[in-house]
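Below is one structure, written out as structure tokens; the observations come after it.
The values are calculated or read from the model by the stated rules, or taken from the named source; none is laboratory data. Just so you know, these numbers come straight off a predicted model, no measurement behind them. Cβ placement follows ideal geometry from the backbone for every residue including glycine, while neighbour counts extend to all protein chains displayed. These accessible areas exclude ligands, DNA and RNA; they are computed on the full protein's heavy atoms, side chains included. Shrake-Rupley method; radii C 1.70, N 1.55, O 1.52, S 1.80 Å.
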Amino acid sequence: MTTMICSKLGEVIGMSCQSLNDDGSIAMIDTPFQFWGGGQIPVFVERDGASLRFFDDGGVILHLLGRGMQLDNHRKTRFLKGLTEPHGVLLNKLGELEIKVAEDQAAAAFASYISSMLAIVRWEREQEGVAKDISLLLDEVALCLRAWKQNARFEEQPSYTGISGHVYKLDFKLDDDAVVAIAPHPTTLNAAAKKLLDIRGSEENANLRIIVVIDDRRDAEAARREGRIFDAVGNVLMMSRLERNAGLAREKSQ
């Protein structure tokens, strides 16, 4: 029985490998792993001399585009890099997620690649109920900040080191102030709170002013309620107020 299971293990667990060219240097690996919304996770492997490259051939971005996301600039792919880079998997200029290693490190690299794909799957699951294009909020916040403080120094993705030693990239920097844009959803709020607490705990950030922009345009009461979480780590600014500060929205009649 043991021998039979071992000989058919690939078939039993849904793993197989198909060569895609004559010399066998590029192959597609079939796995049982799937995206949250359905569809097989892409896994390709390519030999280049003594190195191996595991990559998705652009499949992840195509999958996310199919779910209605816009990923046409670096800001809109920032979340994807945040999910995969901790596993050593990088997004290249062709829109492929990849990890390159020496052949003797192939097993660890394959594990890292799969871990990065499963991180994307978890992200998909957690984003259920959140706006499909979360990057739209970042675009709107950037527009309002530039209109509000026209003479301020404006920077995207400034880096800050937390008390844990972890380096975080926040959304914007306006003069010397860090700016974070948040949609009022438990997943987004919890992740942002942990990040800002870590940053605020570092002595080098003791005098850092953090502006937390919360989108209150769909549910103002929920946004105000959730905004209290961030009173200890930053200065909360509702998106509707930011729009008025920027002159991009009319004051509501009392």
Could you tell me what a quarter of the Cα convex hull surface of the chain works out to, in nm² with one decimal place?
18.3
Amide H of ASP57: which non-local residues (sequence gap of 5 or more, or other chain) have their own amide H closer than 5 Å, using H built in the peptide plane?
LEU97
Which value, in Å², gives the accessible area per residue of the range 148-228 when a 1.4 Å probe is used on the protein heavy atoms?
56
In units of 2.2 N^0.38 Å, the Cα radius of gyration of the range 5-127 is 1.08
With every protein chain left in place, what is the accessible area per residue of the range 51-133 in square angstrom, probe 1.4 Å?
49
What accessible surface, in Å², does a 1.4 Å probe find on SER25, ignoring ligands, DNA and RNA and rounding to the nearest 10?
30
Report relative contact order for the chain in percent, whole number only (criteria: Cα-Cα under 8 Å, sequence separation at least 6).
11
In the range 181-223, which trypsin sites (Lys or Arg not before Pro) are in a loop and have at most 11 other Cβ atoms within 10 Å, using DSSP for the loop call?
ARG218
Across every pair of different alpha-carbon atoms, what Kirkwood hydrodynamic radius in Å does the range 141-201 reach?
12.4
Per principal axis, largest first, the Cα atoms of the range 87-229 extend in Å by 53, 36, 30
Pick out the long, greasy-scoring helices in the chain: whole DSSP H runs spanning 18 Å or more along their own axis by Cα, mean Kyte-Doolittle at least 0.0.
106-126, 135-148
For the chain, which whole-number percentage of the solvent-accessible area (1.4 Å probe, protein heavy atoms only) is attributable to carbon and sulfur atoms?
51
Label-to-label distance, nm, for residues given as ARG146 and ARG125 (7 Å Cα→Cβ offset):
3.9
Do the alpha carbons of any pairs in LYS81/LYS149; LYS173/LYS194; LYS81/LYS169 sit beyond 21 Å of each other, and which pairs?
LYS81/LYS149
